[in-house]
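Structure record follows, encoded as structure tokens.
Taken together, the values in this text are just the output of simple stated rules run on the coordinates, not laboratory data. Quick caveat, the model's predicted, so the values are computed rather than measured. Note: ideal-geometry Cβ built from the backbone for every residue, glycine included; neighbour counts use all protein chains shown.
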Amino acid sequence: MGACTGKSSKHGLTHSREVRLRDLRDDYRYSPLNAQDSSFFGSSVASKEKLDIIQFAAPIFVAEEGETFHVHLMRLGALQGRVSCSFRTEQSSGKAGSRYVHTEGQVIFEDGCFEQLIEIPILESPTWSATLEFKVVLDEPMGCQLGKYLKVCRVKVIDQDTFPTSKYSEEIKADSIEDISEASLFIEYMKLMTKVPGNSWRLAVTLLFDQLKNAYVWFTLVSSVYMVNVVFGHGTSKTSQELLIPDDPAKTAQVIGLMYVSFPLLLHLWKVVKIKMDLNGRCKLFLQSSMMRKYMNYSDTSRSEVTQAEVVRFITQDSAKLARSISDVSSLWETLGKLVMLNYFAVSNNPDMTWAVITMPVAMIFWSLMREGGWVVAKPDGTDVFEKQLEDFVGIVSENYPLIACYFQRPAMNDRFAARAAKLQETEIPESSYDLTSEFFFQWLAPLFVGCYMAFYSPLVLSGELALGTFLATISVFKEVSSNFVDGYGGLKKVRKAFDPLVQISIFLNRSTDVAMLKMSVDNRVAETELCRRKLMKNPGDSRFPTDQIPIRLEKLSLMLPGTENFLFRDLQQSVQQGHLVELIGNAGSGKTKLIKLLAGEVAASSGKVLTPSHLRCLLVTHQVFLMDTTPLQNLFFGDPSSVVEQSERHRMLWILQKLSMDRTRQLAEEEISMLQSSGEIEEESLEGFCCVGPRRRAEMDPMEMWMPKDGTQRAADVYKRFKGWRSSLSFQERAKLHLARALIMNPEILILEKPLMNLDDKESETVMAVLREFVSNRGVALDLETLEYRRPRTCFYSAERRTMNTKTDVVWEFKEGGQLVTSAPDAHPDSPMANSQSDAKSPKRKGR
């Protein structure tokens, strides 16, 4: 296949380590491996396989803030003797000290003990945050081994507060956010931003040092008066005494000139510091990360209420607008400080100017109120609505372009786009005219006051009653005040422009999530599993892992159709043991897809529940084919990214691709492996066609960095560039099989497939069904039979839109009319648990293997 110095293309899979593909349906035994090859499978039947296993009772737990939370652990095996391991919490999006109390220690299982708890205090947070999580890690096993997958669990923490604060929680929960004053909502948003760690002192420093600009304006005014009245009027003894350098006006002027130069340098230094503090960036990052976390936890209802274009706009544009409002508020504070300073300067230097100091701001404020009320100039409709409509339309066209092109509707879409763009342009002209007309008053008021001041106060200068410097500085004050009002009004408009994004983001961040449903599901599964384990431990039988005997059950499961009072099905009662291949059949609309999603926990039941052992990883693979815009390896190992560093897993991945007849994908994977090895300064050792096995390092490099180059690095850019567009080289059927292959690579204990054969022809369907048969019978695909009894059973549920010639499932669940679900046992496959005794089913020495 052209990778790994050409050995793959020459030999293919023809050596002793290959899968024997002569009959995938009936033979899952692989040719023997040499002694040095045992590392391919991680471990062979060794003494450590007989050790008890300690692991978490579930891969994820959900806690509520303010509670003392317990993480459940389980012990699997003979339960003989005392075993222990250490544990510790590791922060992720949830930080220790703010979301939870860091906890570490040792957990001990005495002889016969099979469950334990770890207590972790969850902190009550007065401020809103998105659903944050942290990890709990097991380590340092003593007399036991840790579960391969469940030695790490995640804990999500539910935050009951509303965004931005809980002040308007009742209105927000009642979907009446539009009734809240936008200004009041913005004040609550500002409170939230100041409580983001590190933001409060940054905002305080910004508000304080932004006044340096006003200090500079004060200096320019005072120095101008000083230069005219003192430096240039030094003829008298009084002015000579006021010089900074007595009797030397020239050097005094030089000192003032130096101060003129120094002040801008100080202002520039502050701007540099302000950029590095990055208050806006921190606020934007908080908003963007919160929105993404919230969206990733959305319920199906919430996800259906927002479009893709809206999500992109909220995260990229609206969050930036809202974050910039912090700087706009600081600018308003600076403007207010400047206004106070200018008026004080004018009155302190010329008390007769009190009338102007009062009249000018009052006139500007009165005009602003008249303008906003529409009493002078009618305010046109804003462009924001039409901009959003245009963005949404572009998003719809981009998403549905193939449909538009196939039905020859491109001209119609172009016409509709042009009409919307023209409407946006029409609204921009009146808005620009409105701004020009309304802002003319601010520009005209300063010349009016300056003209009046020059006409009435010039005689005082000529008579010597008013100092020339004061006269000229006052004229500058009028100009500055007018300019200051223009700036302030512009800043106020910027702040008000953030109100609409704030309302939309508040709605977005307060939509419902499925975290509460997940908590209920996890708690029920853990409690039910512990109850079943206690019963089994009273009579464990001959099984080394009695937990494997816990069935998967539907208990009075009912589902009502959304928006109706009609039940799709009601009070379903079914049970199936672990380690079965279960087929769901029935007429269209009978409920197969809904039951699949209920089994996966994707939707909530109207009543009843699905009971699956909590420690089993459950994976749903939909009929929609999704390939990420990443490299082939990152797609294949998407379910368990870190496993790509293990040569045995890369070897198994290539084996799975071969079994699914995915030649093109296998070639791409081998090329990426070869590229990652060579770019990491590695001397390659090809293993008879498998280039991923046996690398010998020449330079130290972290394995994760080697196999998963970090975004932004040159290695990542080179790999992405090499494999850009690789998805288009795959046939549609190969894409569909890749969608399934990554699930088999992840190797979950419960695999749930929604119409897995929909996108495949009969031949490909037979191949896929044979691999699914192996997944169940061999407890994973491309794994050594000698370690079978030490693995957890694999169970597969799939909905079938058609039956294959040799389905060979273990159980069939069939929907009948009236929403009834009945169980039937097909002709048992020789390798299926239905056709063998319990002990035979667990033996790696079964006939035909």
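Of the listed pairs Lys597/Lys659; Lys191/Lys493; Lys50/Lys135, which have alpha-carbon separations greater than 25 Å here?
Lys597/Lys659; Lys50/Lys135
Sequence-distant or interchain residues sharing an amide H contact under 5 Å with Cys144, placed H: which?
Ser84
With a/c under 1.5 counting as rounded, go ahead and sort region 503-601 into rounded, prolate or oblate using the C-alpha gyration tensor (a ≥ b ≥ c being the square roots of the eigenvalues; past the cut-off, prolate if a/b is larger than b/c, else oblate). Mind showing how you got there, number by number?
Details: a/c = 2.78, a/b = 1.49, b/c = 1.87.
Judged from the Cα gyration tensor, region 503-601 comes out oblate (a/c at least 1.5, b/c at or above a/b).
Would you mind checking region 121-151 for residues with the amide N under 15 Å from a putative spin-label position 7 Å along Cα→C-beta of Ile180?
Label zone hits: 127-130.
For a footprinting-style exposure proxy, rank Lys276, Lys294 by other Cβ within 10 Å, fewest first.
Lys276, Lys294
Dipole magnitude of region 66-159 about its Cα centre, charges +1 at Lys/Arg Cβ and -1 at Asp/Glu Cβ only, in debye to the nearest 20?
Details: 10 positive and 12 negative charges, 68 e Å.
In total the dipole reaches around 320 debye.
Mind ranking 348-356, 123-131, 744-752 by how tightly packed they are, going by the mean number of other C-beta atoms within 10 angstrom, highest first?
Working: 348-356: 14.8, 123-131: 16.6, 744-752: 24.0.
Per-residue mean Cβ counts within 10 Å order the peptides as 744-752, 123-131, 348-356.
What is the fewest-to-most order of Leu599, Leu568, Leu269 by other Cβ atoms lying within 10 Å of their Cβ?
On the way: Leu599 21, Leu568 18, Leu269 12.
Least crowded to most crowded, the residues run Leu269, Leu568, Leu599.
Would you pull out the residues with amide H under 5 Å of Thr127's amide H, same chain only if 5 or more places away, H placed 1.01 Å from N?
When sequence neighbours closer than 5 places are left aside, there are no close amide H contacts.
Determine, for each peptide in 469-477, 516-524, the mean count of other beta carbons within 10 angstrom over its residues, then list the peptides with the highest first.
Values: 469-477: 21.3, 516-524: 16.8.
The peptides rank, most packed first, as 469-477, 516-524.
Using a Cα-Cα cut-off of under 17 Å, which aspartates and glutamates could be cross-linked to Lys251, ignoring same-chain neighbours fewer than 8 residues away?
Cross-link targets: Glu242.
5 Å is the cut-off here: which amide hydrogens, built 1.01 Å from N in the peptide plane, fall below it relative to Leu753, excluding neighbours closer than 5 in sequence?
Those lying under 5 Å, H to H, from Leu753 are Val621, Phe797, Tyr798, Ser799.
Return the lysines within reach of Lys721: Cα separation strictly under 23 angstrom, same-chain partners fewer than 8 residues apart disregarded; answer none if there are no such residues.
Here the lysines satisfying the reach criterion relative to Lys721 are Lys710.
When His651, His268, His615 are ordered from fewest to most other Cβ atoms inside 10 Å of their Cβ, what list results?
His268, His651, His615
Using a 10 Å cut-off on Cβ atoms, rank the peptides 58-66, 721-729, 553-561 from the highest mean neighbour count down. Numbers along the way, then the final one.
On the way: 58-66: 19.6, 721-729: 12.7, 553-561: 17.0.
In decreasing order of mean packing, 58-66, 721-729, 553-561 become 58-66, 553-561, 721-729.
Go through region 287-301 residue by residue and turn each phi into a ³J(HN,Hα) via Karplus (6.51, -1.76, 1.60, θ = phi - 60°); whole Hz please, and just put x for glycine and proline.
5, 5, 5, 5, 5, 5, 4, 5, 5, 5, 10, 4, 7, 4, 4
So what J values fall out for region 358-368 if you push phi through Karplus, 6.51 cos²θ - 1.76 cosθ + 1.60 with θ = phi - 60°, rounded to Hz, Gly and Pro as x?
7, 5, 5, x, 4, 4, 5, 5, 4, 5, 4
Could you work out how far apart the two model spin labels at Ser575 and Ala363 are, taking each label as a point 7 Å from the Cα in the direction of the beta carbon, and quote it in nm?
9.0 nm
Work out from phi, with θ = phi - 60° and the Karplus expression 6.51 cos²θ - 1.76 cosθ + 1.60, the ³J(HN,Hα) of each residue of region 97-107, listed in order in whole Hz, and give x for Gly and Pro.
x, 10, 9, 8, 9, 4, 9, 8, x, 10, 10
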